[in-house]
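Accompanying notes for the structure given below.
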Amino acid sequence: MRRTRRILGEALVELIIEQGYERTTVQDVLDRADVGRSTFYTHFRDKDALLMAGFEDLAERLRADLDAVGPGVPPAPGQPIEGLFAHAYRNRTVYTALFGRRGGAVFARRLHELVAGLVRAHLAPHLAAARAGVPLDVAVEFVTSAAIGLLVWWIDGGFQFSPQRMAVLYQRLAAPGISAAVGSPLSDFPVSAQPARNHLPDR
């Protein structure tokens, strides 16, 4: 059962990247996966259900990765967002299909909700202690929207920077806003050192 679901999911991802989600049909998936129609409908009601299953699997792994990032003291803007970039790079084929220009907006919204929940848990105690007058919802939306927007741009650009470099750039951009929200000097937010170059350009 798991093998069949995996094969179907991989076939759908490949087709989305090749021709886009809207143009991909269940029959396309069946042909690519070499799976019978009755077998498909044993597991999924339609291609939306298949894609959502893939998202939920991805989200579960991402949640585990980001939950492992402890709250910063003070709250480093790169946490837990640095984990998001790393996870996206490790699963870049799936992220390209779900969140790139050929994917669907619904999955970007679901990812936004997931990341916002983790950011909220990370920032809430610091904002409460700071009493800086910035509503938690506003801070969470600022951090999350900036991260998701930058992530989608990175995906559509073909991951031209390393995930470490993206985390550094995000942190540098987000630090002033988070600093203002929690009432901490900008100098309290260390910017990670430039990572060693990998096979991706760090332009």
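The values are calculated or read from the model by the stated rules, or taken from the named source; none is laboratory data. Fair warning: this is a prediction, and the values are worked out from it, not measured in the lab. Neighbour counts run over all protein chains shown; Cβ positions are idealised from the backbone, glycine included. Side chains are part of the model used for accessible areas, which takes the heavy atoms of the whole protein and leaves out ligands, DNA and RNA. Shrake-Rupley method; radii C 1.70, N 1.55, O 1.52, S 1.80 Å.
Of ALA49, ALA59, which residue is part of a helix (DSSP H, G or I) and either within 30 Å of ALA180 (Cβ to Cβ) or at pLDDT below 90 (or both)?
Details: ALA49 fails: either within 30 Å of ALA180 (Cβ to Cβ) or at pLDDT below 90 (or both).
The match here is ALA59.
Consider GLY72 carefully, then state whether it is crowded, with 19+ Cβ neighbours inside 10 Å, in contact with a helix residue (DSSP H, G or I) (Cβ under 9 Å, 6 or more places away or on another chain) and modelled with pLDDT under 90. The answer is no for GLY72.
Only one of the numbered conditions (1) at pLDDT below 90; (2) among the aliphatic types (A, V, I, L, M); (3) outside any loop (DSSP other than H, G, I, E, B) is not met by ILE148, and that is (1). Taking residues in the range 30-47 that are under 12 Å from THR4 (Cα atoms), and partners anywhere that are open to solvent by 100 Å² or more (accessible area, probe 1.4 Å), the pairs with Cβ atoms closer than 9 Å and at least 6 places apart or on different chains are LEU30/ARG37; THR42/MET1; HIS43/MET1. Yes or no: the range 170-183 includes at least one residue that is at pLDDT 90 or above, of a type in the set (A, V, I, L, M), open to solvent by less than 40 Å² (accessible area, probe 1.4 Å) and under 24 Å from PHE107 (Cβ atoms). Looking for residues that are at pLDDT 90 or above, of a type in the set (A, V, I, L, M), open to solvent by less than 40 Å² (accessible area, probe 1.4 Å) and under 24 Å from PHE107 (Cβ atoms), one finds none in the range 170-183, hence no. Filtering the range 1-35 to residues that are of a type in the set (A, V, I, L, M), more than 22 Å from the chain's Cα centre (by Cα) and open to solvent by 60 Å² or more (accessible area, probe 1.4 Å) leaves only MET1. Cβ separations smaller than 7 Å between residues 6+ apart or across chains give the following pairs from the range 130-142 residues that are in a helix (DSSP H, G or I) to residues that are open to solvent by 50 Å² or more (accessible area, probe 1.4 Å): ALA130/GLY183; LEU136/ARG120; VAL140/ARG120. For the range 75-99, which residues satisfy the criterion of being at pLDDT 70 or above, over 11 Å from the mean Cα position of the chain (by Cα) and open to solvent by less than 10 Å² (accessible area, probe 1.4 Å)? Selection gives ALA97 alone. Looking at the range 127-139, is at least one residue within 30 Å of ALA49 (Cβ to Cβ) and open to solvent by less than 40 Å² (accessible area, probe 1.4 Å)? Within the range 127-139, not a single residue is within 30 Å of ALA49 (Cβ to Cβ) and open to solvent by less than 40 Å² (accessible area, probe 1.4 Å). Evaluate the range 157-166: report whether one residue or more is under 30 Å from LEU15 (Cβ atoms), open to solvent by 30 Å² or more (accessible area, probe 1.4 Å), under 17 Å from the mean Cα position of the chain (by Cα) and small (Gly, Ala, Ser). Yes: the range 157-166 contains one or more residues that are under 30 Å from LEU15 (Cβ atoms), open to solvent by 30 Å² or more (accessible area, probe 1.4 Å), under 17 Å from the mean Cα position of the chain (by Cα) and small (Gly, Ala, Ser).
ALA132 meets each of the listed conditions (1) at pLDDT below 85; (2) in contact with a helix residue (DSSP H, G or I) (Cβ under 7 Å, 6 or more places away or on another chain); (3) closer than 23 Å to GLU18 by Cα apart from (3).
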